[in-house]
Amino acid sequence: MRHGVFPPSRGVTNLCAVSEENKRRELRYPARIAARVVRRGENVELLTNDVSFRGAFLRTDAPPSLRQLVKVAFDMPGGETVSAHAMVVHVVPPGDGELVPGIGVQFWGPVQESKAWEKFVYDLKVRLKAGTASASATDKVRRSSERFKLQLEVIVDGRRLSTRDVSETGMAIRSESAMPVGTRAHLQVHSNGHPSLAFDVIVRRRIEEPAFTGLGVEFVDMKADTKTALLDLLKPVSSEVDAIFIDGDDPGLH
């Protein structure tokens, strides 16, 4: 295992050689179960698109780099929690046609509750053969974009507020306003060292939590150059700190 020896890679990408051969002979079965990935010291909740005996494909709009080692945990239908380290072997970025964005991961090292995982995948295999698959290969279900903790000064319809977190599709804004769900508003973003941004949002939910009161808003009709500028704000906080990358022929890969 080596630290930082492979550069980040974007696009629909696969490990070649050994891993590519493994992919061809490893069947994947559609399944939707909750998965948690530890990123930046926090658990990020995702959803599987399909699974295999050696790993899974996880839906995410903010994929880690190819060959990166991540910690994953799966909530099994039977109540068990299957956890392991896994290597990112396949990346599908957002906006790539009809493909579901996310990462394919292959288990690396010991798998906790491995028997529960093997039974789950085997049952999917049996159901698929019988024509009773538990999920379709593709569907329109999407988890909301991964959110990054980032405080920005924003002005919403003339009111000066601040964000709690931001994603590629929306943000959580601290506010005592009782703005109704469905309201469309004009928003401006100000950040030191970056040009001001302006676009419209729609209020999708009112957030009432012990440590936070505010609005969850979704971006609408955002221009391409505005979205690019917004993503530039997210890059510093979305980068991995002390990321570990491993070789494709590492003996710890399942």
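A short reminder: the numbers here are calculations on the coordinates, not readings from a lab. Quick caveat, the model's predicted, so the values are computed rather than measured. Note: ideal-geometry Cβ built from the backbone for every residue, glycine included; neighbour counts use all protein chains shown.
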Distance violations [Cα-Cα > 30 Å] among K71/K223; K115/K235; K71/K119; K71/K125; K149/K223; K125/K227: K71/K223; K115/K235; K125/K227
GluC sites (Glu not before Pro) within region 166-254: DSSP coil, no more than 13 neighbouring Cβ in 10 Å: E176
Relative contact order (%) - criterion: Cα under 8 Å, at least six apart; region: region 148-238: 27
Cα pair count fraction exceeding 13 Å, expressed as % - region 175-232: 65
In region 169-205, trypsin sites (Lys or Arg not before Pro) in a DSSP loop with at most 16 other beta-carbon atoms within 10 Å: none
Residue order, fewest to most surrounding Cβ atoms within 10 angstrom, among E209, E113: E209, E113
Where the Cα pairs of region 149-254 fall when distances are cut into 5 Å bins, in %: 2, 11, 21, 22, 14, 9, 6, 4, 5, 4, 2, 0
Region 48-132 shape via C-alpha gyration tensor axes, a/c threshold 1.5: oblate
